[in-house]
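The numbers here are math on the coordinates, done by the rules we state, and not lab data. Bear in mind the structure is a predicted one, so any value in this text is a computation, not a measurement. Please note: Cβ atoms are built from the backbone with ideal geometry, for glycine as well, and neighbour counts cover all protein chains shown.
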Amino acid sequence: MNMKKIFNFKKLQLGLMILYTSIIVSCSKFVEVADPIDQLTKDFVFSDSTSTEGTVVGIYSNAGSLYGFLAKNITLYSGLSADEFVNYTPNSEYDVYANNELTSQNIFYWYYPYNVIYSCNTVIQSLSNSSITETQKNRLIGECKFMRALNYFYLVNLFGGVPLAVTDDYKINRLLPRADTTIIYNQIVSDLQDAKSKLSTTYVGSDKTRANKCAATALLARVYLYRKDYTNAAKEASEIINTGTYSLSNLSNVFLFNSSEAIFQFTAPTNQSSVTSDASSFVPYSSTTYPTFLIRDGLLGAFESGDQRRSNWIKSSTISGKTYSYPYKYKIYSVTTGSSMPEGTVLLRLAELYLIRAEALAQQNDLVNAIKDLDVIRNRAGLSLIGTTAPSINKQALLDTIDHENRIEFFAECGHRWLDLKRLGKADAVLGALKPATWQTTDQLYPIGSDILLADPNVTQNPGYTQ
C-alpha cells in the first residue's frame, strides 16, 4: 500500500460544506495526488470564507464518525482493557482487549487520529496566507489546535511516545520517530493555550459540536492534572466552574444533545439512523437480544447503595431467567433517518471539572474545599455527603474517595477508567488481581501496529511486544 495525501471535499448539509481529509496514513509513503476536476482546490478552499468553515466542519465529522477513534474506540476498547466490561460472546476482536493480549497484528491502528491531526496541520498552515478575516482565521486555527491536542492526548496515553507531526509536509511526517511523552505534552499544552487565546466562550452555531474557549480550558485542566501540575489544574477547572455557563444536568439528561452539562460533544449526521457509537455498541437491539458487552461484577458492586447513577446509567435484561447488565448512559439505539439527533457523544462535561479540582485541591492539602467539590457530584447522585459523614477524612482517604467517584461517574465513558488506573499507578494491582493469567505491566501501553512499523522504520515497538 502507498501512503496518500488526499484532498477530499464533500458537500455537507446546507450550502457548500466541505469534508477535508488532508492525508490518509497507509503503509510506505505519501503520494501527492492531483485534485480531481470535480473538487475544489486547496487554494480556493482557504481563500473562501464559507468553504473554509466547511473544511473545519469536515474535521469534526471525521473525528466523531460513528466508528472512529474518539467516538468508539476510546470507550469500547479501553473499557475492555480495564475492569469495566467484557464481551458476552467470545470474539477475537474484543477478547484480546478484555484479556490484555494485544499484538501488533490486532491493535486498532492510529489512522483515524493522524488523519485528523494532519488535516488540522494543513488548515493551520494554509490559513496563514488566507484572505479571510483575522477574526475567523484565529477562531479556525484555535479550533484546529484544540482538535490536534485532543487527539494527541489520547494517542500519548494509549501508546506512549508517538510521532509528533505539526506540519503537513509529508516528506517530514513519513519518517518521524517517536517523540518523548514530555515533548508531546508540551505541544498539547501549547496548542490548548493558543486555542484559549484565539477562541471565545460562545459556540459556533446553536450547539456544542465545535470547540470554544471553554472546551480548550476544560481539556487543559485535565492535561495539567495528568502532569501533576495541581495548581494550574485547579485554576483551569475553576475558570470553567465559575463562568456559570454550565450546570449539572439531571442524571437522565447528561448525555442529551446540548445538555446543560456538556462542554464539547460530537453528533451523528442526520443522514444516518444510528445516534451514538455508545448506544450502537452497548444497547441491545431488542428486549430479547443479548447485550454484546456486559458490565463486570466488580463495577456493579462498586456502586454505593442508593446511588442513582446505577439506576439511570445501567440497564439490565433478563433473558431465559438470567440477568445481563450493560452501560446505558446513551439510551437511544436509532432514529428515523433524517430526524434530529436526541443524544450526542460527550467528550467534555462539567462533572469532570469538579472532580479535577477536587483532586488538585486535595493534592495541595486543601481538603475542606476538595470535599465541597466532591460532594457536588455525590449530591447529584443522591448519596450522603463526605462533608457530613466524614468531615475529618485524611488526605489519602479523600484521594481514594475521589478516585472511586471518578470510577463511578465516568464508567464506560471516553477511557477515563483505563487512563486513571495508569496515571494513578493502580493498574498492576487492580488488573493483575482481576486478570492474573494474562496481565503484564507492559500491557499499560498498547502495541504499535505492524503496518505502522513497516511504514516508518524510525518508529519502534513498545516494550513487551514483538514487531
Discussion item. Under the rule of at least 5 residues apart or a separate chain, name every residue whose amide H is placed under 5 Å from the amide H of residue 264.
Written reply: 347, 348
Response to the item:
The answer for the longest stretch of the chain without any exposed trypsin sites (Lys or Arg not before Pro) (DSSP loop, at most 11 further Cβ atoms within 10 Å) is 229-467
Item to complete: Go through region 402-410 residue by residue and turn each phi into a ³J(HN,Hα) via Karplus (6.51, -1.76, 1.60, θ = phi - 60°); whole Hz please, and just put x for glycine and proline.
Response: 5, 4, 4, 5, 4, 4, 6, 5, 10
Practice prompt. List, in order, the whole-Hz ³J(HN,Hα) value for each residue of region 348-360 obtained from phi through the Karplus relation with A = 6.51, B = -1.76, C = 1.60 and θ = phi - 60°; use x for Gly and Pro.
Written response: 9, 8, 4, 3, 5, 5, 5, 6, 4, 5, 4, 5, 5
Item to complete: Working from Cα positions, state the angle (0 to 90°, nearest 10) between the long axis of helix 230-241 and the longest principal axis of the chain.
Response: 80 degrees
Worksheet item: What is the order of 346, 223, 96, fewest Cβ neighbours within 10 Å to most?
Response: 96, 223, 346
Worksheet item: Rounded if a/c is under 1.5, else prolate if a/b beats b/c, else oblate: with a ≥ b ≥ c from the C-alpha gyration tensor eigenvalues square-rooted, which is region 104-235?
Response: oblate
Discussion item. Can you give me the angle between helix 367-380 and the longest principal axis of the chain, using Cα atoms only, in degrees from 0 to 90, rounded to the nearest 10?
Written reply: 90 degrees
Fill in: Residue-wise HN-Hα coupling along region 201-207, computed from phi with Karplus coefficients 6.51, -1.76, 1.60 (Hz; x: Gly, Pro)
6, 7, 8, 7, x, 9, 10
Worksheet item: Between [x] 66, 47, 46; [y] 81, 53, 39; [z] 103, 52, 39, which matches Cα extents along the principal axes in Å calculated for the structure shown?
Response: [x]
Practice prompt. Give the distance, in whole Å, between the Cα centre of region 146-221 and the Cα centre of region 246-325.
Written response: 28 Å
Response to the item:
So for R0 = 22 Å, FRET eff. of residue 193-residue 430 from the Cβ-Cβ r, to 0.05, ends up at 0.05
Discussion item. Taking the number of other C-beta atoms within 10 Å as the exposure measure, put 404, 416 in order starting with the fewest.
Written reply: 404, 416
Worksheet item: Relative to the longest principal axis of the chain, what angle (0 to 90°, nearest 10) does the C-alpha long axis of helix 181-198 take?
Response: 80 degrees
